[in-house]
Amino acid sequence: MTPTNDEAMHIKEAIARNVAGIVVFPHHRYRNQALYEELQRKRFPLVMVDRYYPQMTPDRVVFDDEIAGYELTSRLLQRGRRRIAVVSYFEVEATSVNHRLSG
C-alpha cells in the first residue's frame, strides 16, 4: 500500500488557488523531488524551511544545525556528562537532523 502524499496534495491545491508562492517544511523522506524540480523549472516562488532537498538548490531558510549540535554536546560535556544518547527515530534522514548530528 502506498502512503498518501499530503505534502504534494497541499502544494498542488495551493497552486490551484493561485497563491503567489509557497513556504514549505518539506517531509523528511524527500518524496516530492520531482514536484519541487518542476516548480523550480517554472520559476515558481518556493522557500524550504528547516530542511531541504540536498540534490537541489532551492531557496531555503535553515539554522546552523552543525553549530547547534556542537554547542549542545559541548554544554553536556562541560557539565560532566559522558554517556550521551541521541534519539531521532526516522527523522535522521532530514537534512536538519543530519547536520545537527554532524555537529
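What accessible area per residue, rounded to a whole number of Å², is obtained for the stretch 10-83 using a probe radius of 1.4 Å?
Numbers: 5520 Å² over 74 residues.
Dividing the accessible area of the stretch 10-83 by its residue count gives 75 Å².
To the nearest 10, the accessible area of D6 is 80 Å² with a 1.4 Å probe. On the beta carbon distance between F63 and K42, with R0 = 25 Å, the FRET formula returns roughly 0.30.
Here the stretch 1-61 exposes an accessible surface that is 53 percent carbon and sulfur, computed with a 1.4 Å probe and the other protein chains kept in place.
Can you tell me how the stretch 1-43 classifies by the Cα gyration tensor, rounded, prolate or oblate, using a/c under 1.5 as the rounded cut? Walk me through the numbers before you get to the answer.
Numbers: a/c = 1.94, a/b = 1.45, b/c = 1.34.
Cα axes put the stretch 1-43 in the prolate bin.
The values are calculated or read from the model by the stated rules, or taken from the named source; none is laboratory data. Computed from a predicted model, the values in this text were never measured in an experiment. Cβ: placed from backbone, ideal geometry, glycine included. Neighbour counts: every protein chain shown. Each accessible area value is taken on the protein alone, full model and side chains, heavy atoms only, with ligands, DNA and RNA left out. Shrake-Rupley method; radii C 1.70, N 1.55, O 1.52, S 1.80 Å.
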